[in-house]
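Let me begin by presenting the structure, written as structure tokens, before commenting on it.
The values are calculated or read from the model by the stated rules, or taken from the named source; none is laboratory data. What you see is a predicted model; the values in this text were computed from it and never measured. Glycine also receives a Cβ, built like all others from the backbone with ideal geometry; neighbour counts cover every protein chain displayed. When the accessible area is computed, the model is the full protein with side chains, heavy atoms only, and any ligands, DNA or RNA have been set aside. Shrake-Rupley method; radii C 1.70, N 1.55, O 1.52, S 1.80 Å.
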Amino acid sequence: MSEQKEVKLEDIVSLAKRRGFIYQGSDIYGGLAGTWDYGPHGVALKRNIMNLWWKMFVDGRDDMYGVDAAILMNQKVWQASGHVDTFTDPLVECSNCHGRFRADKLDDPNKCPTCGQTGTFGEAVQFNMMFSTVAGPKWGNVEAKGNEGGYLRGALEAKYPDGTSYDAFTLREDTGFDGAMFYDKTAVTYLRPETAQGIFTNFKNVVDSYYPDVPFGIGQQGKAFRNEISPRDFVFRSREFEQMEIEYFVKEENWEAEFEKWVGLCKEWFAALGLPEDSVHELPVPEEDRAHYSKRTIDFEFDYPIGREELMGLAYRTDFDLKNIERVSGKSMEYRPKDGTDAFVPHVIEPSFGVERAIMAVLCSAYREDEQNGEKRIYLALPYDLAPIKVAVCPLAKNNPELVAKAREIYDMLKKEIGSVLWIDSGNIGKNYRKMDEIGVPYVVTVDFDTLEGDTKDTVTVRHRDTTEQQRSQVTDLTTLLSKV
Ligand code: GAP
């Protein structure tokens, strides 16, 4: 019998690596903290999750519009949104080992987790989490003009790439200076820390193109970047991750009713991901912990192996963002109803889904161990829609040309009909099953000698992942049988 055991994070990390789901980013060079690479099955799982979301929240509705905005945006976006000033986490440094930590995530706020010293943290400083960069050749190098007795003194010379020189500044102290850059401040841009602003900045474009009735929403999926002080717990807190966000534009007086509808829709999403109902919890976020733009937030938390932690958030952002855009851009964000009633700036309900946290929740929910023929078996009971591979086709003997040709024929047919179908002819059949179970393949089709002749000609064995039961099926019935859950 299968059982859903207490899943450990190391079980998930190990399976994810072993079976080509997720690898440490830049692993070959020792890794880069907070970055992860998706292998063939990982990218398929991720796409399936993102496609399901798009189908459910964009394509499946009449009141939703999709956008795909640029990651790099005018710096004014982040000034207007408040991120330049307030998108910070509290940072402390240990005066003994100089380790730096996120103050609000320390197990003991007075004890350094690296060197174990107590009372070595100074005052927390606010650390801005945005990755900044410079757009275009608007930078230059700073070189020392004078160097006396190991000390840098006198002026430094700053050079743009075109050779233009500027006297930059004067160093007054021993700095260990080894070269630096200067840049034109107006060319600073950021790797977006949320996809939401690409939606707000396109609000007027979508209204001008489609003139939808309010309420309506705009959805976007894409990368977001945060220079997390302490990335940790596998993909849970990464520096580069993916978001799926909706800004749902409503009349102010309707925000509460619309908010409640989105609570229900988020729950439908968790069910579609196969997350057990009792593993997801609603946490109303108190005012002091809410983001600067929010008047009400619910965090949906999941029981991860690392504890109960945020899976996604649902926020009432008021008219904060559209009003800020009006203030900084000088352009009106008013919506003019078709019935001639007064124009207004819509308020916003924002369901914000993180892809990595969904992947982690899906893997943890699907992870199973049981015993088959006296041997431990690990399998992923993934919902059919999410499984990276739907069917594997396997000839019983790979050195029998007739058998292999028949299996290939069936494989080609299923590949055309179902798409994500895998050819597998290495190892023995038991090993193949175990591999496919760990990838979460719902069905394995085995083509054997009975497929070739006699009463059983043109029949195959279909093995079901979760029960390991096997059934004999006509080849002609396969597409229908294997397209179902
Ligand atoms: N636009 C609102 C917003 O970005 P958020 O709570 O900061 O809100 C939304 O982020 C979701 O993005 C989170 O619930 C989480 O799923 C995901 N997320 C945020 N930071 C993340 C990180 N460092 N690594 C992985 N996912 C993250």
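Data for the structure
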item: Segment 299-316, residues that are surrounded by fewer than 21 Cβ atoms within 10 Å (Cβ to Cβ) and away from the ligand (no atom under 11 Å from the Cβ); result: Asp303, Pro305, Ile306, Gly307, Arg308
item: Subset of segment 343-375 that is open to solvent by 10 Å² or more (accessible area, probe 1.4 Å), part of a strand (DSSP E or B) and of a type in the set (D, E, K, R) - its residue that is nearest to the ligand (Cβ to nearest atom); result: Arg368
item: Hits in segment 209-234 - residues which are open to solvent by 30 Å² or more (accessible area, probe 1.4 Å), near the ligand (Cβ under 10 Å from one of its atoms) and of a type outside the set (S, T, N, Q); result: Arg226, Pro231, Arg232, Asp233
item: Of all residues making up segment 235-259, the number that are open to solvent by less than 30 Å² (accessible area, probe 1.4 Å) and among the acidic types (Asp, Glu); result: 4
item: Segment 135-152 - residue that is crowded, with 16+ Cβ neighbours inside 10 Å and within 30 Å of Glu93 (Cα to Cα) and, of those, modelled with the highest pLDDT; result: Val142
item: Pair list, Cβ < 9 Å and 6+ apart or interchain, from segment 424-439 residues that are farther than 14 Å from Ala387 by Cα to residues that are open to solvent by 50 Å² or more (accessible area, probe 1.4 Å) and of a type in the set (A, V, I, L, M, F, W, C); result: Ile429/Leu396
item: Segment 227-246 residues that are within 18 Å of Asn128 (Cα to Cα) and in contact (Cβ under 8 Å) with a residue 60 or more places away in the chain, paired with ones that are among the hydroxyl-bearing types (Ser, Thr, Tyr) and more than 6 Å from the ligand (Cβ to nearest atom) (beta carbon under 8 Å, 6 or more apart); result: Arg237/Ser230; Ser238/Thr35; Arg239/Thr35; Glu240/Thr35
item: Boolean, Arg239 is within 15 Å of the ligand (Cβ to nearest atom) and over 16 Å from the mean Cα position of the chain (by Cα); result: no
item: First in segment 324-350 and within 16 Å of Asn202 (Cα to Cα), second anywhere and of a type outside the set (D, E, K, R) and open to solvent by 60 Å² or more (accessible area, probe 1.4 Å), Cβ under 8 Å, 6 or more apart; result: Glu326/Ser332; Val328/Gln79
item: Qualifying helices (runs of 4 or more DSSP H) (wholly inside segment 40-108; at least 3 residues being modelled with pLDDT of 95 or more and open to solvent by less than 70 Å² (accessible area, probe 1.4 Å)); result: 40-54, 75-80
item: Selection count, segment 11-39, where residues are surrounded by fewer than 14 Cβ atoms within 10 Å (Cβ to Cβ) and closer than 24 Å to Asp466 by Cβ; result: 2
item: Strands (runs of 3 or more DSSP E) wholly inside segment 387-485 containing at least 3 residues that are within 20 Å of Leu45 (Cα to Cα) and open to solvent by less than 70 Å² (accessible area, probe 1.4 Å); result: 391-395, 421-423
